[in-house]
Amino acid sequence: MPELPEMEALARGLDRELRGRTVASVHPYQPSTFQGSVAPDEAVGATITGVARRGKLIIVGLGENLTLVVHLMQAGRLGLTSPPAGRPPRRACLGLRVDDATELRLRELSTTHRAWARLVRGPAGADPAVAALGPEAVDLDAGGWRAALTTPPGVLHTALRQGRRVAGVGRCYASEIMWAARLPPLARTATLPDDAWDRLAAAAPRVLGDAVERAGRTITTDLPDKQGRVTAVHGHFGDPCLRCGTPLSRVAFRGYELVYCAPCQTGGREYADRRMSRLLR
Ligand SMILES: [Zn+2]
């Protein structure tokens, strides 16, 4: 699933291409993808005032009083492409055409159709999903991180991925940030010492900023089906830790694995899977 860096790079690329263009037509290829009470045709004729990111959401400003909010969920992909000549293309969910040659298209790589798009009247904050988001992960100082992750207390790696606490961080970058900050993934946030919050506040903007820069080199106006993501720990179970050389550990959890370095992050302790599931129920 694309997270803050990939979505930020995509928003910047789309903003460069689409700002100032006029919406010629809207095509809800997959009707269930288009949600909300504002009809798609209301966007026709609107000038695109900008494309931005909030959390993992893409926000498209349309004229003075409309906003398109897009959430890709697990399998959605968004990018610029050519309008179809005939039948709607496979996997296409929504098309926003700006001229005969250019369509902003939302696709979905799975058949479950969980990605969604909504038109709302007013700014992005009028959308309930946007309004529910916590502060941006790149904007927080140590006190801000502590407040976000301890009210209410939780398990660090779970709390990091809850958008209502902090927006934009998912499985991949939660692992990357915890490794960079040398934090134990299963720690209770209420018990973290002061210096842990300082390390978290220092590591998060560095990890995410580097990733935005890297994503910007490969993602411009289309989110690829497979992302060539460079990570330190995520997806690298068994590889040597880039800091201490110890083979990285993992715990399995609900169909994915959390990878960490035991000497760097947990004082050398290996987590057992059953403890993981008990803690995170
Ligand atoms: Zn290490």
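Read-outs: derived from the displayed coordinates by stated rules, not from any lab. Model, not experiment: these values are computed from the prediction. A quick note on method: Cβ atoms are made from the backbone with ideal geometry, for glycine too, and the neighbour counts reach across all protein chains shown.
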**OP:** Grab every C-alpha pair in the chain, bin the distances at 10 angstrom width from 0 up to the longest one, and report whole percents.
**Re:** 7, 28, 32, 20, 11, 3, 0
Subject >> Backbone HN-Hα couplings from phi across segment 106-122 [Karplus 6.51/-1.76/1.60, Hz, Gly and Pro as x] >> reply: 9, 10, 9, 7, 10, 9, 7, 6, 9, 4, 8, 9, 9, 9, 10, 7, x
**OP:** Please say if segment 109-219 is rounded, prolate or oblate, where rounded means a/c under 1.5 for a ≥ b ≥ c the square roots of the C-alpha gyration tensor eigenvalues, and otherwise the choice is prolate for a/b larger than b/c and oblate otherwise?
**Re:** prolate
**OP:** State, as an integer percentage, the relative contact order of the chain based on alpha-carbon contacts under 8 Å between residues 6 or more apart.
**Re:** 19
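What does DSSP give for segment 4-131 in terms of the percent of beta bridges that are antiparallel, rounded to the nearest 5? Don't skip to the end; give the middle numbers.
Working: 33 of 35 bridges.
Here the share of antiparallel DSSP bridges comes out near 95 percent.
How many percent of all Cα-Cα pairs in segment 33-180 sit more than 21 Å apart?
Working: 5528 of 10878 pairs.
Looking at segment 33-180, the distances longer than 21 Å represent 51 percent of pairs.
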Original post:
If you line up the long axis of helix 194-218 against the longest principal axis of the chain, both from Cα atoms, how many degrees apart are they, to the nearest 10?
Top reply: 40
Subject >> Principal-axis tilt of helix 171-180 within the chain, Cα atoms, nearest 10 degrees >> reply: 40
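Based only on other Cβ atoms within 10 Å, what is the fewest-to-most ordering of Lys226, Lys56? All intermediate terms of the calculation are to be shown ahead of the outcome.
Numbers: Lys226 6, Lys56 23.
Listing Lys226, Lys56 from fewest to most nearby Cβ atoms yields Lys226, Lys56.
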Original post:
What fraction, in whole percent, of alpha-carbon pairs in segment 139-196 exceed 13 Å separation?
Top reply: 56
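To check you understand DSSP bridge types, tell me what percent of the beta bridges within the chain (both residues inside) are antiparallel, rounded to 5. Working shown, then result.
Details: 41 of 44 bridges.
If I count the DSSP bridges inside the chain, around 95 percent turn out antiparallel.
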Subject >> Å³ per residue enclosed by the Cα convex hull of segment 12-108 >> reply: 97
